[in-house]
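The values are calculated or read from the model by the stated rules, or taken from the named source; none is laboratory data. Keep in mind that what you see is a predicted model, and the values were worked out from it rather than measured. Reconstructed Cβ throughout: ideal geometry from the backbone, glycine too, with neighbour counts over all protein chains shown.
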Amino acid sequence: MINSAACLMGALTADAAALGLHWVYDPARIEQVAAARGQVAFTPIDAAQFVGKPAYFVHGNHKNGALTQYGEVLHLAVQSLLATKGLFSEHHFQAAYIAHFGPGGTYIGYIDRPTRGTLANLAAGQTDPSGIDDDQHPAIATLPAIVVATLGAADQSATLTRAIRVTNVNDTATAYGLAFANLLSRVLNGSSVASALHATAAVAKGDLGARLTQALNSPQSSTDYSETTGRACHLPMGLPLAFHILANTTSFAGAVEANIRAGGDSADRAIMIGAVMGAAHGIGGTAGIPADYLVKLDNADPLWQHSQALATQSGPVK
């Protein structure tokens, strides 16, 4: 069953599942965790996992099952769209962004470069657009919510571009963000994940199209393929690797596990992967979001209520 509420919940759940090993760049260390636990999703936060390996530990103030900064942005976008009746408003979202991520805000945690730059621009009165020149993953954090709210709308692309430019004013970020939105829209409109991946790669232009096509044609494991793409926070790395993972897994849990095992900036790839797999497979069953993931997700009930509310408020696909 295609489900836009599960699309949003899938993105949020996959993001939280990656928290404990987010920004561990050593797949061998991640495999040690997998051998000890039997899985890597929802690995408890432990600074010791990051010692002596290429890794960046920034989530020490989070609780297990919480969202990373990417998931927080997505949830903020869902709440903003609910407040504006599903019509994306930069001004409303920017005000919410400052209240949540800015000084004295409700968010306590890591602030990445696009977030820091956006907050500085907003503080200086720069609102149209408020983003910075950067091709990193914050560009796509809002997009599952925007896609759900604008599915089938003639001006969807323009709205998505405006949302991207809240944090990222960069042609690469826009192109890759729109490609992800194209993929997600196809799945929400009823395409299988496999056909949506190939159709999106076929219409992507230039280097973007070549990277996505290469990802779909690679016979390697996703962990091995991450050596080709890179594992860092830039969309030319993250989107092709997400395509490879989606092309080589058949369930939500399988995709989440493969994504975390690939290492690096797994959390924002998780936003893309979780949204697509949630949209395709829903909740429960053999391929959908597992119940044991949902019970580990912090604040799962309000996240689900907000996801359902936006799905009900938006478009014909529920």
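So which of LEU235, LEU246 is over 20 Å from VAL40 (Cβ atoms), under 17 Å from the mean Cα position of the chain (by Cα) and at pLDDT 95 or above?
The match here is LEU235.
Test TYR70 against the criterion of being under 25 Å from ALA242 (Cα atoms), in contact with an Asp or Glu (Cβ under 8 Å, 6 or more places away or on another chain) and buried (at least 17 other Cβ atoms within 10 Å of the Cβ), and give yes or no. Steps first, answer last, please.
Numbers: under 25 Å from ALA242 (Cα atoms): yes; in contact with an Asp or Glu (Cβ under 8 Å, 6 or more places away or on another chain): yes; buried (at least 17 other Cβ atoms within 10 Å of the Cβ): yes.
For TYR70, the condition - under 25 Å from ALA242 (Cα atoms), in contact with an Asp or Glu (Cβ under 8 Å, 6 or more places away or on another chain) and buried (at least 17 other Cβ atoms within 10 Å of the Cβ) - is met.
If you scan segment 56-67, which residues turn out to be crowded, with 19+ Cβ neighbours inside 10 Å and either of a type in the set (Ser, Thr, Tyr) or not in a loop (DSSP other than H, G, I, E, B) (or both)?
none
What are the pairs, 6+ residues apart or on separate chains, where a residue within segment 290-305 that is of a type in the set (A, V, I, L, M, F, W, C) has its Cβ under 8 Å from a residue that is part of a loop (DSSP other than H, G, I, E, B)?
From segment 290-305, the pairs are ALA291/GLY284; LEU297/GLY65; LEU303/LEU297.
So which residues in segment 225-243 are touching a residue at least 40 places away in the same chain (Cβ under 8 Å) and either of a type in the set (Asp, Glu) or more than 13 Å from ALA267 (Cα to Cα) (or both), if there are any at all?
SER226, PRO236, PHE243
Of these, ASP171, ASP135, which one is of a type outside the set (Lys, Arg), more than 13 Å from ALA77 (Cβ to Cβ) and surrounded by fewer than 20 Cβ atoms within 10 Å (Cβ to Cβ)?
None of the others qualify; the one that does is ASP171.
I need the full set of residues from segment 3-44 which are in a loop (DSSP other than H, G, I, E, B), on the phi < 0 side of the Ramachandran plot and modelled with pLDDT of 95 or more, in order please.
Hits for segment 3-44 are HIS22, TYR25, ASP26, GLN39, VAL40, ALA41, THR43, PRO44.
Do we have GLY177 as modelled with pLDDT of 95 or more and not in a helix (DSSP H, G or I) here?
So GLY177 fails the test.
Among the residues of segment 194-220, what is the count of those that are outside any helix (DSSP H, G or I), free of Cβ contacts under 8 Å to residues at least 12 places away in the same chain and under 21 Å from the mean Cα position of the chain (by Cα)?
0
From the set of residues in segment 259-286 that are in contact with a Gly (Cβ under 8 Å, 6 or more places away or on another chain) and at positive phi, which is surrounded by the fewest Cβ atoms within 10 Å (Cβ to Cβ)?
GLY282
Return the pairs, sorted by first residue and then second, in which the second residue is assigned to a loop (DSSP other than H, G, I, E, B) and hydrophobic (A, V, I, L, M, F, W, C), the first residue lies in segment 99-112 and is touching a residue at least 24 places away in the same chain (Cβ under 8 Å), the beta carbons are less than 6 Å apart, and the residues are 6+ apart or on different chains.
Pairs that qualify, where the first residue is touching a residue at least 24 places away in the same chain (Cβ under 8 Å) and the partner is assigned to a loop (DSSP other than H, G, I, E, B) and hydrophobic (A, V, I, L, M, F, W, C), are TYR110/VAL58.
Among (1) farther than 24 Å from GLY238 by Cα; (2) aliphatic (A, V, I, L, M); (3) in contact (Cβ under 8 Å) with a residue 24 or more places away in the chain; (4) not in a loop (DSSP other than H, G, I, E, B), there is one condition ALA139 misses while meeting the rest; what is its number?
(1)
Take the conditions buried (at least 19 other Cβ atoms within 10 Å of the Cβ), touching a Gly at 6+ places or on another chain (Cβ under 7 Å) and not hydrophobic (A, V, I, L, M, F, W, C) and apply them to GLY238. Does it pass?
no
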